[in-house]
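The values are calculated or read from the model by the stated rules, or taken from the named source; none is laboratory data. The structure displayed is predicted, hence computed values, not measured ones. So basically every Cβ, Gly included, is an ideal-geometry build from the backbone, and we count neighbours across all protein chains shown. All accessible areas refer to the heavy atoms of the entire protein, side chains included, with ligands and DNA or RNA removed. Shrake-Rupley method; radii C 1.70, N 1.55, O 1.52, S 1.80 Å.
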Amino acid sequence: MLIYANPHHTLHDGRHEMFRGRLVPCHETPARLDHVLAELGRRPVGERREPPPVPRAALERVHAPRYLDFLQGAWDEWVALDPANAALDALPSTWPVRGFRHDVEPENFAARLGLYSYDAGTPLTAGTWAAAEAGAACAVAAAHGVAAGATRSAAALTRPPGHHAGADFFGGYCFLNNAALAAQALRDQGAQKVAVVDVDYHHGNGTQSLFYDRADVLTVSIHGDPRTEYPFYLGHADERGEGEGFGHNLNLPLPAGTVFADWRVALQQALKRVTEHRADALVVALGVDTYEGDPISRFRLASADYLTIGRDLAAMRLPTVFTMEGGYAVEAMGVNLVNVLEGFEQG
Ligand SMILES: [Zn+2]
């Protein structure tokens, strides 16, 4: 397994997210990846590689150019509004919901911040673009490594995460969709059919929306039921894809409190669908916020279960790219995530 760790992830270090009427410290912190890398130091899995820079064209295979332009320049615009903003995070507070126009880009910065986002929990900071772009480079490099046959598997260990980000919006702590970038890069490198399996606690709404009308990339997500769990407005079982993509999206929502035995039944269902899709390559959107100790999620997986998940994924015998997504029990995150990678290597 090749390991691509984002060398610039600490540049994205949000101060606050909006939660129930108050600003609270961010759950998505640099310490998350630091714990993963520390665990990899204690228990080496795979070989470390440095990712080359990601070409803008690779980002545009997934994201809208005007969105990329906005993200890249957003911090400078935020500070230009008021130099005092340099000490604050940019958090959106207004959104164009049903009936508003999305095709006209407002000149007002706050309005554009809302146009390109869907929640107030995702702070945009001075280093957000640099960190997100370097993370995308990890995901694309991992896909290229696998596609070239240099390795059976590769992992993009990065933050901010990606699976909630769509073609032209950020949210859910995510800016660039690393899993989607990896899946598209695998397609562009010759894989005819790719499957994305999202095992994060939260529905991978960004990834689903990016491939919803396509038959070449199957998207499967196992997650907390959106009737009660974030991101709420997508992730139901009746979302099956549209047009050519009909039948190529599978959502497996599970109730809060789900234990591993039941979660694993859903994983087997997901992997059976991947086999039916006859995928040439697999992308795993790897969140470990399914852990029983996670502060913002409500499944009941134990640390040892992540070894089993790794082995179950390895049993697919597919070229596989992992992208690091959620996981907010920061201390346990290293053990849980590396357990998946080690289980995969053993499988
Ligand atoms: Zn999550």
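General remarks:
- Residue match in the range 85-100 (condition: within 30 Å of E345 (Cβ to Cβ) and in contact with a Pro (Cβ under 9 Å, 6 or more places away or on another chain)): no
- All told, R32 meets the bar of being at pLDDT 95 or above, closer than 15 Å to G135 by Cβ and open to solvent by less than 40 Å² (accessible area, probe 1.4 Å).
- Checking the range 313-324 against the condition returns a match, with at least one residue being away from the ligand (no atom under 13 Å from the Cβ) and part of a helix (DSSP H, G or I).
- Pairs where the first residue, in the range 320-346, is without any contact (Cβ under 8 Å) to a residue 60 or more places away in the chain and the second is open to solvent by 10 Å² or more (accessible area, probe 1.4 Å) and in a helix (DSSP H, G or I), C-beta under 7 Å, 6+ apart: N339/L307; G343/L307; G343/T308; G343/R311; Q346/R311
- Single condition D103 does not satisfy, out of (1) more than 16 Å from A167 (Cβ to Cβ); (2) assigned to a loop (DSSP other than H, G, I, E, B): (1)
- Tally of residues being open to solvent by less than 60 Å² (accessible area, probe 1.4 Å), of a type outside the set (A, V, I, L, M), away from the ligand (no atom under 16 Å from the Cβ) and assigned to a helix (DSSP H, G or I) across the range 258-309: 5
- Taken over the range 135-170, the residue count meeting the criterion of being assigned to a loop (DSSP other than H, G, I, E, B), at pLDDT 95 or above and in contact with a strand residue (DSSP E or B) (Cβ under 8 Å, 6 or more places away or on another chain) is 10.
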